[in-house]
Amino acid sequence: MNIVDRIMVVVDGTASGEAAVRWTMERAKAVPVSIEVTTVYVPMPSESVLAGNDFRAVYARLLEETVGRIESAVPGVAVTAVLRTGQSRTELTTATAEADLFVIGTGSSEAGLYGVLPIRIASAAHCPVVVVPADWEPSGGVVMVGLESTEQEPKVVDFAAGEAQRANTELTVVHSWSVPTLIAVAMFAHPGVWKSMLELHSKSLAATMDYVRRVWPDVDVHQRLKEGQAARILAEDARGAALLVVGRREHTTMGDTILGSTSHDLLIAMPCPVVVVPE
């Protein structure tokens, strides 16, 4: 289960891009993987008048240097490099179809908009996307998975449990729930509604725990049931975690796919590396 063997990592010359490479190298030391290092060359109109400047060569050198570093750090790993040309979002989102795991730093961006590109890719990627903060260092912490729906999310849970097993660490399942303001007002008149909702989410969490213990018997799993806004709870609880895993429920607007509010907010807060798993 959850054997990731094709990792694609984006390099861009930024501190967070460097962190993404370090995270990938650490991941490759644990299990056999193949790694593709990639970057996107976005042609600039000014290049046509800058005679003698070969900007593609700059990107190619970055790829070559990164491949060499990975090969030195993880002997025997298969590493390739691909230089893509076009618009970053389009090229990288398309490329996720060729990977089992896509890794990118928080600072990779278009037009200087910090954090925009990882969010856009995570919203439409064909595989799980790991977003790594610029200050990332190995923590040895737990793997945490955030759930908030009463519906079961086996794909998300399986990914998190597989990562916990790979890292030989604990898995913490955090199920958060909250009540819309309009309903909360009504609860003052009908307190039994709150109790019913608590029981509903408690049963959902219990079902998830039963699933993990049955399917992943070697994983040490713990649970937390919390009332409140999911992104805030997870951002607080995941500080110091090795990895935070959340699901992506697709929402569309004007023909475009956007992340749900929880995943979106966590990719801004970035308490640790965050994985967005398509459901």
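Since every read-out is calculated from the coordinates, none of them should be taken as a lab result. Given the structure is predicted, the values throughout are model-derived calculations rather than measurements. We place every Cβ from the backbone using ideal geometry, glycine too, and count neighbours over all the protein chains shown.
Residue separation times 0.36 nm, minus the C-alpha to C-alpha distance between residue 193 and residue 71: what's the value?
Stretched fully, the residue 193-residue 71 segment lengthens by 38.1 nm.
What is the calculated FRET efficiency for residue 152 to residue 224, with r their C-beta to C-beta distance and R₀ = 25 Å, to the nearest 0.05?
0.90
What order do you get for 14, 93 when you list them from fewest to most C-beta neighbours inside 10 Å?
Least to most surrounded, the residues fall as 14, 93.
Could you give me the radius of gyration and the Dmax of the stretch 6-132, taking only the C-alpha atoms into account and expressing both in angstrom?
Both quantities, over Cα of the stretch 6-132: 14.3, 48 Å.
Using modelled backbone amide H atoms (1.01 Å from N, in-plane), which distant-in-sequence or interchain residues come within less than 5 Å of residue 106's amide H?
Close amide H contacts, sequence-distant or interchain: 132, 134.
Treat each spin label as a single point 7 Å out from the Cα along the C-beta direction, and report the residue 5 to residue 56 distance in nm.
Going by the 7 Å Cα→Cβ label model, 3.3 nm.
In whole Hz and in residue order, list the ³J(HN,Hα) couplings for the stretch 159-165 that follow from phi through the Karplus curve 6.51 cos²θ - 1.76 cosθ + 1.60, θ = phi - 60°; x for Gly and Pro.
Listing the rounded values in order: 4, 5, 5, x, 5, 5, 5 Hz.
Calculate the spin-label point distance for residue 64 paired with residue 139, positioning each point 7 Å from the Cα along the beta-carbon direction, and give it in nanometres.
Result: 3.8 nm between the two label points.
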